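The values are calculated or read from the model by the stated rules, or taken from the named source; none is laboratory data. This structure is a prediction, so every number in the text was calculated from the model and none was measured. For neighbour counting, all protein chains shown are included, and Cβ atoms are generated from backbone atoms with ideal geometry for every residue, glycine included. With ligands, DNA and RNA removed, areas are computed over all heavy atoms of the protein, side chains included. Shrake-Rupley method; radii C 1.70, N 1.55, O 1.52, S 1.80 Å.
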Amino acid sequence: MSFERVAIIGLGLLGGSLGLAIRENLTGCTTTGYDADPKTRERAAQLGLVDSVKETASEAVADADLVILCVPVGAMADAARDFAGSLPAGAVVTDVGSSKQSVGEALAAALPDHTIIPAHPVAGTEQSGPDAGFASLFSHRWCILTPQEDAPSDAVAKLTQFWEGLGAKVEIMDAEHHDLVLAVTSHIPHLIAYTIVGTASDLEDVTRGEVIKYSAGGFRDFTRIAASDPVMWRDVFLNNRDAVLEVLGRFNEDLSALQRAIRNGDGEKLHELFSRTRAIRRSIIEEGQDDARPDFGRKDH
Ligand code: NAP
């Protein structure tokens, strides 16, 4: 009942990690891979990210029963069109894109005769490229599948089993809800990090040297997020525009309320909010989603 021949399109952090995770966890499953960048293909072959790196996307998918698109969300449609003519009739197509509504629509338009089950493993780092991949990336992380209502249930079950085989926990959700949830938990936090690091570097009366020299824990943690891949994140904001703008509107209101509380000396309001947010952090640690040690368990500080 499991997939046996997996083609991975895009051999960066996500694609490379998938190749390594499949080799480590799914015996009997072979992998082919393709990346648009010849240097990435060469590096992926050196690192052995997949069993066989192909020179074209068509060659990579020719014998596949599962194709996983691991390219930036804005490149999904082009990447799918690239191999559309060579895709075996029974192959299931999925992806790992961080936004789901627009990707689902783009893939359905590019591959109208195939089974498409969009997916998003909520797992990653601020690194990108083939050298960034590692086999345990998906272990104990959630992977959200967003199949259309008429998607074949056996294919959904098979893809669920595939992700569970890589150590992930699977949840099924509709694409619109996924995009709203991820706007809150991932996309807006990245936007805030990009903003605060940008603001600090633009401040005229604080020098760039001072920003780096005196970077306290809070700023440093934002810089980690703000070092994330610019192409990936540009595409996320352009593709999850509605949900991001909706949550951003709400965020702006809450920020104004805090601004008022600070101006009015309303310590009670600040204390009440900061106590609530502390409880959320505790719940994340209790769920095993982060590390309670100081500095998030980082050794190098
Ligand atoms: P990445 O490390 O930059 O890898 C993406 C690779 O896809 C690059 O090598 C890129 O080549 C290649 N590519 C671009 N267009 C292509 C095309 N048309 N055909 C074939 N290859 C193509 O990015 P990533 O972090 O793995 O992200 C991949 C996907 O995973 C994105 O959709 C992202 O939203 C999603 N995701 C990322 C994270 C994360 O934390 N990074 C987490 C969950 C999901 P070029 O460099 O030449 O463009």
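Observations
- Within the stretch 18-33, the residues that satisfy the criterion of being open to solvent by less than 30 Å² (accessible area, probe 1.4 Å) and within 13 Å of Pro130 (Cβ to Cβ) are Leu18, Gly19, Gly33.
- The residue of the stretch 130-161 that is farthest from the chain's Cα centre (by Cα), among those that are away from the ligand (no atom under 15 Å from the Cβ) and among the β-branched types (Val, Ile, Thr), is Val156.
- Applying the condition of being in contact (Cβ under 8 Å) with a residue 40 or more places away in the chain and not acidic (Asp, Glu) to the stretch 246-263 and asking which residue is most open to solvent (accessible area, probe 1.4 Å) yields Phe251.
- Subset of the stretch 105-129 [under 15 Å from the mean Cα position of the chain (by Cα) and outside any strand (DSSP E or B)]: Pro118, Val122, Ala123, Gly124, Thr125, Glu126, Gln127, Ser128, Gly129
- The set of residues from the stretch 71-113 being open to solvent by 10 Å² or more (accessible area, probe 1.4 Å), near the ligand (Cβ under 8 Å from one of its atoms) and touching an Asp or Glu at 6+ places or on another chain (Cβ under 7 Å) comprises Pro72, Val73.
- Criterion (of a type in the set (Lys, Arg), under 17 Å from the mean Cα position of the chain (by Cα) and not assigned by TED's automatic domain parsing to the domain that holds Ser99) met by exactly one of Arg241, Arg208: Arg241
Let's see how each residue does on (1) under 21 Å from Val122 (Cβ atoms); (2) without any contact (Cβ under 8 Å) to a residue 12 or more places away in the chain; (3) part of a loop (DSSP other than H, G, I, E, B):
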position	(1), (2), (3)
Ala21	yes, no, no
Asp63	no, no, yes
Val71	yes, no, yes
Ala84	no, no, no
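- Matching residues in the stretch 161-179 - criterion: being touching a residue at least 40 places away in the same chain (Cβ under 8 Å) and open to solvent by 60 Å² or more (accessible area, probe 1.4 Å): Gln161, Glu176
- Contact map, the stretch 131-160: first residue closer than 27 Å to Ala108 by Cα, second residue among the charged types (D, E, K, R), Cβ cut-off under 7 Å, separation 6 or more or different chains; pairs are Trp142/Lys169; Trp142/Glu171; Ile144/Glu171; Thr146/Lys100; Thr146/Asp174.
- Residue pairs meeting the criteria (Cβ under 9 Å; at least 6 apart or on separate chains; first at pLDDT 95 or above, in the stretch 26-48; second part of a helix (DSSP H, G or I) and among the polar types (S, T, N, Q)): Tyr34/Ser58
- Count - residues of the stretch 60-69 that are near the ligand (Cβ under 10 Å from one of its atoms) and open to solvent by 20 Å² or more (accessible area, probe 1.4 Å): 0
- Only listed residue being more than 20 Å from the chain's Cα centre (by Cα) and among the charged types (D, E, K, R), chosen from Asp95, Asp82, Asp78, Asp35: Asp82
- Residues of the stretch 37-59 that turn out to be surrounded by fewer than 23 Cβ atoms within 10 Å (Cβ to Cβ) and within 23 Å of Ala123 (Cβ to Cβ), as a count: 6
- Counting the residues of the stretch 200-221 that are open to solvent by 70 Å² or more (accessible area, probe 1.4 Å) and assigned to a helix (DSSP H, G or I) gives 6.
- Top-ranked residue in the stretch 114-125 [being more than 7 Å from the ligand (Cβ to nearest atom) and out of contact with any Gly (no Cβ under 6 Å at 6 or more places or on another chain); ranked as nearest to His177 (Cα to Cα)]: Ala119
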